[in-house]
């Protein structure tokens, strides 16, 4: 490799030649590249130490000085060349001090993320929602949206429950606009129609909602063994809640907290009085409420997935059950739609948080720090971690929807 040839090499070719020389243990070729390698950004980070190793193998007197130069320059990547370094210098007096100096060059990690919200693995939400133009048409027929998600859900529940008087007529359509058109012509339908209209109406008002099928414990034969309701994520409550569109009711515990499907099924399996039924559309006797309560005893189908205890009857009212999949519990079916996710990115060389969420109606995020609150849009949900004094720090992040800011979650980090 002549001096002229060395000068003709591009920086990338110099790196390739040095790497090949190291791999082949061709120390003479490596050291012929020394002057070009000194111009490389990795000189102190790698090449200087490798040249020191090569110089030692070739008996050059400046081997130790090259190694000291590497250490003074901040060399820390002993891991990459540990075996070569030890072979060349490990038996020398003062090696322990050199190794310690290399280790001391390792700077502290400037940022450690120590706590952040985590969403559990989940199945797709499968909301019961109309496509764009149909949803806009439905919106124009709905009562005025309230300021809060829970108030909106309750007003919509009453509105749907009073559109028609229940009758055991079923139709394959899952289109709230079509159902309401038929109702306007005198049509009367069973629980699936109520659940469809309620779920799609809530989604049109940016309240995430889907239909749920409930089965009695003895669902294999007879009639009336299944019931269809709606479950909705309520921003104000930060939870999923069951809403019965046919009966205009919801269930709550004895402290008044509205309940979701998993909570209702768990309550049914425990001794004691049933949860309270809040009937908004009409009066329902206690005996009838007991009958509706029994639907939470058996399997249920959420987002196309049937979940039930280990013993699962495969017939319903004399017909085989159909489901995309089965599972023994509600895992993966009830994501926290108020929970932001935290990804990582860089802004001008500084670490940053990339916020996300699974709420289909999120409008953005907010970040609270001791200096104030910042808002981020869905198109650019990136927040830079600013330098801070060494120690522990925390911020609050949260999701925003058209109903306001959802509860905050803490992100904690350490700075060095």
Note: among 153, 161, 149, just one is more than 28 Å from the chain's Cα centre (by Cα) and surrounded by 14 or more Cβ atoms within 10 Å (Cβ to Cβ), namely 161
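Matching residues to (1) farther than 20 Å from residue 165 by Cα; (2) modelled with pLDDT under 95; (3) outside the structural domain of residue 155 (by TED's automatic domain parsing):
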site	(1), (2), (3)
218	yes, yes, no
244	no, no, no
248	no, no, no
276	yes, no, no
289	no, no, no
Among strands (runs of 3 or more DSSP E) entirely inside the range 237-340, those with 3 or more residues being under 30 Å from residue 116 (Cβ atoms) are 239-244
Among the residues of the range 190-204, is there at least one that is within 33 Å of the chain's Cα centre (by Cα) and more than 25 Å from residue 305 (Cβ to Cβ)? no
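Table: residues versus (1) surrounded by fewer than 19 Cβ atoms within 10 Å (Cβ to Cβ); (2) under 45 Å from the mean Cα position of the chain (by Cα).
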residue	(1), (2)
29	yes, no
44	no, yes
47	no, yes
51	no, no
57	yes, no
Among 340, 381, the single one that is touching a residue at least 12 places away in the same chain (Cβ under 8 Å) and under 14 Å from residue 406 (Cβ atoms) is 340
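Table: residues versus (1) over 30 Å from residue 301 (Cα atoms); (2) in the same structural domain as residue 206 (by TED's automatic domain parsing); (3) at pLDDT below 95.
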residue: 65; (1), (2), (3): yes, no, no
residue: 70; (1), (2), (3): yes, no, no
residue: 81; (1), (2), (3): yes, no, yes
residue: 90; (1), (2), (3): yes, no, yes
residue: 94; (1), (2), (3): yes, no, yes
residue: 116; (1), (2), (3): yes, no, no
residue: 127; (1), (2), (3): no, no, no
- Item | Any chance residue 375 is touching a strand residue (DSSP E or B) at 6+ places or on another chain (Cβ under 8 Å), touching a residue at least 12 places away in the same chain (Cβ under 8 Å), in a strand (DSSP E or B) and under 19 Å from residue 215 (Cα atoms) | no
Checked against (1) more than 23 Å from residue 20 (Cβ to Cβ); (2) surrounded by fewer than 17 Cβ atoms within 10 Å (Cβ to Cβ), residue 79 satisfies every condition except (1)
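The values are calculated or read from the model by the stated rules, or taken from the named source; none is laboratory data. For clarity, every value in this text was computed on a predicted model and none was experimentally measured. Neighbour counts run over all protein chains shown; Cβ positions are idealised from the backbone, glycine included.
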